[in-house]
Ligand code: CO
């Protein structure tokens, strides 16, 4: 294990995690990625009309054009109404929250001019609810965000309908190699792609590399399909954060992936059947380089690869994920070592030392 690399993975993960980039409002994430790539020699870099950042490193002689995707957005909410009394904010979810965990959470709200404000999600106090109300999950439409400000103050600081925000939890390091923080889905994939670009920018591989930092994944992979159309790849990998359910009360047969076993390679999820030849290039090279990996159990979740593989004439695709507990909650937990081995697996996939010959 290269300690220096773990440090650089951790630093980047912290910086990426703390940025707010709700679906459709990913500009702060895109700007951060651009700043990371400033002095690197890439052949092309542009932001497409839907806000995805696309980067190309031309290959030396290979026939394949490999697309590597990670999404810039995170799930969040949008202000839908400001209560005239008390300045409480009603909100709608953007992306798939687990409604059970929202009450009492700290949030950050972003104004149009980029200022951040704190709040807390509340509902009718428990003392005033009936027993049957306490037994059922409170609906999001019955919740509100309390910013501690009056409606006049809310208006004065630029919070209005359409403002977005997200649950906020600080980045924390556990003893060992575990870390905790918000939006690891999919800032982890971005971390992997940034390390990959840094490795190959000055040293282009045989195949051409097409990177998509895609917008709007959490609302149905809306940014990735047009990105794939523009990049015109011959194969694609989505880099994701996926559910590790290696916790009490979950049967092994129902546990999609595990922390500490390296990257998880998808076989089938709800959005795609992974292409067997793309998986062969992943698996043979992992074995060749002795990189730990495991197969994600079917058929949980869906990713941008579900949209990418159906663009143009069809693009053979798969998904490589870093296992993560408590995904789509205010704070998730993962292992820096699993990110490290994911970066190594992607590098091995690109270099292809096992010489798995697939051309589409
Ligand atoms: Co994701």
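General remarks:
- Candidates are the residues of the stretch 68-82 that are surrounded by fewer than 24 Cβ atoms within 10 Å (Cβ to Cβ) and within 15 Å of residue 145 (Cβ to Cβ); the one that is farthest from the ligand (Cβ to nearest atom) is 82.
- When residue 124 is tested against (1) loosely packed, with under 12 Cβ neighbours inside 10 Å; (2) modelled with pLDDT under 95, just one condition goes unmet, and that condition is (1).
- Test for residue 96: is it exposed (fewer than 14 other Cβ atoms within 10 Å of the Cβ), outside any helix (DSSP H, G or I), within 16 Å of the ligand (Cβ to nearest atom) and not assigned by TED's automatic domain parsing to the domain that holds residue 343: yes
- Within the set 190, 161, the sole residue that is surrounded by 21 or more Cβ atoms within 10 Å (Cβ to Cβ) and either within 14 Å of the ligand (Cβ to nearest atom) or part of a loop (DSSP other than H, G, I, E, B) (or both) turns out to be 190.
The values are calculated or read from the model by the stated rules, or taken from the named source; none is laboratory data. Everything numeric in this text was worked out from a predicted model, so none of it was measured. A quick note on method: Cβ atoms are made from the backbone with ideal geometry, for glycine too, and the neighbour counts reach across all protein chains shown.
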